[in-house]
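Trainee: Pasting in a structure now, in C-alpha cells, and then I'll have a few things to ask.
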Amino acid sequence: MDVPKEVLDELEKRINRLQAIIEIAERKLPASQQRPVPKPPSSFPVYLWTGAAWVIGGLLILLFLRSRYGETLSSAPTGVSMAVYLVLALGVTALLLAYYFSQRKKPEDVLDIDEMARSAKRLLKEFYFPLREALKSNDRDSLRAIADKLLEDPLLAKAMDVLHEGNPKLCAYALYLYVSKEAVNEEDIEEALQELDNKPLRKLLITMLDGRRV
C-alpha cells in the first residue's frame, strides 16, 4: 500500500526545516573562519574569597583576644578595630552576594546554532532521508532497521533531543507498529498517538487508523 501524500508532505517539511538550520549555521560561520579563542575565567572571585577569609579571620582573632584578654586590652582601641573589621566584613559579604546573584542571572542554556546544525546533518543522514526512501518503496526491513538505530544509537537520540524532533523510543515504537500493522489493533495505535511527538510519524499512525475505519 502506498504511503499517503500527507505523510510524505509532512516529512518534506521536517527535512526542509533541518536543511534551513544547516544553511543558517554555514552562513554564520564559514568553514575558513576560525572560532574566537575563549576568554580565560576571571580571577575576581578568587581575590574576593581570599579577602573575605582575611577579614573574617581577623575579626575572629579580635573577638578571641577580647574574650580571652578583655581586661588587659581594655585600654586598647579594640572597639575601633572591631568596628573597622565589621564594616569590612559586611562590605566583602555584600560583594560576594552581589557576585553570586549576578552569576545566577546568566542563562545556563545558550542556543548553539552549530550544535543544532551538526544534529540536523545527523538526523537527515541517519533518519529522515532513509525514512523517506523506505516509506516510498514500502521497505519494511529498512523501516525496522531505522527503528533499531533509534534505540541503539545514542548520538542519533541526542540529535533528536537537541532539535526537539521527538522521543527516539516512541518514534521507534511507531515504526514497529507500522511494519507490523496487520498484527496490531486500534488501541495500540491510539495509545502510541497519545505520547508520540514526531509529526511525520504521527500522521503515519493516523493514516493507519483511517484505513481501518473506512
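Where a number appears in this text, it was derived from the coordinates with a stated rule and is not lab data. Being a predicted model, the structure only gives us computed values, none of them experimental.
Trainee: Greater than 29 Å separation of Cα atoms is the criterion. Which listed pairs, LYS5/LYS28; LYS28/LYS169; LYS13/LYS169, meet it? Can you show the working numbers first?
Mentor: Values: LYS5/LYS28 35 Å; LYS28/LYS169 33 Å; LYS13/LYS169 22 Å.
Violating the 29 Å limit, Cα to Cα: LYS5/LYS28; LYS28/LYS169.
Trainee: For the range 108-211, just the Cα atoms, rotate onto the principal axes and tell me the three extents in Å, largest first.
Mentor: Principal extents (largest minus smallest coordinate, Cα): 45, 28, 21 Å.
Trainee: Compute the length gained on full extension between LYS13 and ASP112: take 0.36 nm times their separation in residues and subtract their Cα-Cα distance, giving the result in nm to one decimal.
Mentor: 33.4 nm
Trainee: Work out, in µm²/s and without decimals, the Stokes-Einstein translational diffusion coefficient of the range 121-180 at 10 °C, 1.306 mPa s, Rh from Kirkwood over C-alpha pairs. Don't jump to the answer; show the numbers that get you there.
Mentor: On the way: Rh = 11.3 Å.
It diffuses with D of about 141 µm²/s by this estimate.
Trainee: Taking the alpha-carbon distance from LYS125 and a cut-off under 12 Å, which aspartates and glutamates remain once sequence neighbours fewer than 8 residues away in the same chain are dropped?
Mentor: GLU133
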